[in-house]
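This report refers to the structure that appears directly beneath it.
Read the figures in this text as sums done on the coordinates, not as results from a lab. In this text the structure is predicted, and so the values were computed from the model without any measurement. Cβ atoms come from the backbone with ideal geometry, glycine included; neighbour counts cover every protein chain shown.
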Amino acid sequence: MTYKIFLKFLYTCSLIIVCSHSYAIYESASINYYQIDPYENYNRHVYSVNAAIDRTVVRPAAVAYVNYVPEPIRSVAQNFFNNLRDFVTLANDILQFNGMDSMKNFMRIAINSTFGLAGLIDISSNLGLMQNKNTFGRTLQVYGWKHSSYFIIPFLGPSTVRDAIGNIPDNVFNPTWWLIPDNYVYVSIGLNVTNLLDKRAKFLDFDQLLATSIDPYATLRYTYLQAHNELPPQPPATKESDAVDIDNLIDSEQTVPNNSTPDATESKALAK
């Protein structure tokens with residue numbers, strides 16, 4: 001019995017080593033990280049600076065925002081910023097010649113900006129007009145820029161080169177860009193800071209994953225690129241029929257004929 005358990009242990013270790021090596025070969029062959037992250041040296045430095053700022057300033061402020069600002073007020077603030085965000089989506093829907101989504105977002109803005117008191121109340125979602133976010137980065141994707149390299153924006157976080165460039169017109173599409181006068185810049189700063197805290201609060205649960213990761217930068221990169229469909233397809237799941245039953249392997253090796261000499265029938269056959 002001890003011998004059989006020892007063989008199972010050896011088989012298990014062998015399978016783990018082989019499977020791990022095979023997965024590493026597949027990863028290196030299918031995901032060319034130099035191609036999707038050619039600015040890795042720069043990105044890692046910026047990530048370190050961003051992480052330090054987040055640890056000391058942004059995250060504590062986001063935690064305080066969640067702990068001390070009542071949920072109804074945070075919900076109202078989120079509705080307000082979502083209504084502003086719908087203007088950005090509408091502009092990009094029009095640029096992409098997406099008529100159906102353009103009409104839906106126009107109706108969302110019209111209803112929430114009037115009956116919803118400048119977007120403080122999300123009436124449109126209750127009527128079935130759910131929010132559909134769109135960006136100028138996606139507009140560039142529609143016009144042919146299909147894939148883009150990973151790029152971390154200082155103070156803002158992960159993105160791609162395409163989406164980073166797309167942030168510029170997206171900011172112009174936002175009503176706060178052209179409604180708030182220059183002499184009321186503090187209002188714009190206050191809105192942007194509140195919006196930043198609201199966005200950061202949504203990712204507080206993600207911090208635990210980064211804290212337990214061996215390489216937080218690689219984890220963040222993989223998660224972001226996967227969410228934005230910038231990674232190649234993953235390997236297909238192993239079929240159940242391909243799984244190896246260690247018990248059967250051991251039993252087959254332990255099976256030995258009771259008599260090593262041929263029986264009478266085999267002897268007659270051999271004699272013939």
Handout entry: Positive minus negative residues near SER75 (Lys, Arg vs Asp, Glu; Cβ under 14 Å)
Key = -1
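Could you work out how much longer the chain between ILE189 and LEU204 gets when fully extended? Use 0.36 nm per residue separation minus the Cα distance between them, nm to one decimal.
Fully extending the segment from ILE189 to LEU204 adds 3.1 nm.
Subtract the Cα-Cα distance of ASN167 and MET130 from 0.36 nm times their separation in residues, and report this length gain in nm to one decimal.
Values: separation 37, 0.36 × 37 = 13.32 nm, distance 2.29 nm.
That works out to 11.0 nm of additional length.
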Practice task
For region 58-98, just say rounded, prolate or oblate: build the C-alpha gyration tensor, square-root its eigenvalues into a ≥ b ≥ c, call rounded for a/c under 1.5, and beyond that prolate if a/b exceeds b/c, oblate if not.
Solution key: prolate
Practice task
Could you list the residues of region 89-122 with an amide nitrogen less than 17 Å from a label point located 7 Å from the Cα of ILE73 in the Cα-to-C-beta direction?
Solution key: 120-121
Exercise for the section: Go ahead and run the numbers for FRET between ARG44 and ALA64, Cβ-Cβ distance against an R0 of 30 Å, rounding to 0.05. Expected result: 0.55
Exercise for the section: Could you list the residues of region 175-200 with an amide nitrogen less than 19 Å from a label point located 7 Å from the Cα of VAL57 in the Cα-to-C-beta direction? Expected result: 185-200
Exercise for the section: Give me the distance in nm between label points sitting 7 Å out from Cα along the Cα-to-Cβ direction at ALA218 and LEU196, one decimal. Expected result: 3.1 nm
